[in-house]
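A.B. asks: Shown below is the structure under consideration.
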Amino acid sequence: MLSEDLMFKTFLLVLKAMFSPALSVDLGRIVEENGVSGLVLDIAAGGSGTGPKVLGKDTVALDVSMEEVKEAIRNDAKAQWVCADARRMPFRDKAFNWAITFFGLMYIRGKDDKEKVLEEGLRVARKILLVEPIIAKHVGDYLIRVHVLNKGETVHRTCFGVSGKNIRQTGLIVKMMTSSGSLIRLEEERNHFIAILRG
């Protein structure tokens, strides 16, 4: 059972998200501007199924949770769905032209696991496009409303949230990829960042 203090904090977090302006992200424009094409893998794609809704039914969409996969399918996200752990992807080396994550890496806990997912992404794809929220180091809970667009047209409106310790987002990890030569581009927007990594 949740403590009253925790319930109150959760209630405040939800209120803040409900009354804050939604973050608008045009994933279709981002995909087009970065030349994402060919065979695409969407990592951590379940739940809202945003990637497949923008990229189309030929996308290979991966999520560790069968419940998240089922939810995405119920939300009309058509793709070639695979339920597997992104830290050990069941694909051959460079099987994909691109891998993407859209507000998905945030759900992978801890620096080591996030690094492993990025390493696996670079193993199975020639390039990775990351579109992820910026989560401050001091935040223990994070919830944001997002208005997702595909070249100006609404795909859906949804919320993304995560809570607990060590949820700081991947900007730091992506910057660490610079030393390996993997980082091609890093662009920070108001509440999210866009990064391109090369394998």
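Only the coordinates and a few stated rules stand behind these numbers; no lab work does. Here the structure is a predicted model, which means the values were calculated and not measured. Note that each Cβ is placed from the backbone with ideal geometry, even for glycine, and that neighbours are counted across all protein chains shown.
A.B. asks: If you plug each phi of the stretch 70-87 into the Karplus form 6.51 cos²θ - 1.76 cosθ + 1.60 with θ = phi - 60°, what whole-Hz ³J(HN,Hα) values come out, in order, with x for Gly and Pro?
C.D. replies: With the stated coefficients, the stretch 70-87 comes to 4, 4, 4, 5, 4, 7, 6, 8, 8, 6, 8, 7, 10, 9, 7, 7, 5, 7 Hz.
A.B. asks: Using amide H atoms built 1.01 Å from N in the peptide plane, name the residues 5+ places from residue 61, or on other chains, whose amide H lies under 5 Å from its own.
C.D. replies: Distant-sequence amide H within range of residue 61: 42, 80, 81, 82.
A.B. asks: May I pose another question? Among the trypsin sites (Lys or Arg not before Pro) in the stretch 79-114, which ones are in a DSSP loop with at most 11 other Cβ atoms within 10 Å of the Cβ? Mind listing them?
C.D. replies: For trypsin sites (Lys or Arg not before Pro) across the stretch 79-114 that sit outside H, G, I, E and B with at most 11 neighbouring Cβ atoms in 10 Å, the list reads 88, 92.
A.B. asks: Efficiency by 1/(1 + (r/R0)^6): what FRET value for residue 75 and residue 151, r their Cβ-Cβ distance, R0 = 30 Å, to the nearest 0.05?
C.D. replies: The computed FRET efficiency comes out at 0.90.
A.B. asks: What is the list of residues in the stretch 41-74 whose amide nitrogen lies under 17 Å from a point 7 angstrom out from the Cα of residue 88, following Cα to Cβ?
C.D. replies: Those under the cut-off are 63-66.
A.B. asks: If you rank 3, 182, 48, 37 by fewest surrounding Cβ atoms within 10 Å, what's the result?
C.D. replies: 3, 37, 182, 48
A.B. asks: Whose amide H sits under 5 Å from the amide H of residue 193, counting only residues 5 or more places off or on another chain, with H placed in the peptide plane?
C.D. replies: Placed amide hydrogens put 132, 134 under 5 Å from residue 193.
A.B. asks: Using amide H atoms built 1.01 Å from N in the peptide plane, name the residues 5+ places from residue 26, or on other chains, whose amide H lies under 5 Å from its own.
C.D. replies: Here 149 satisfy the definition.
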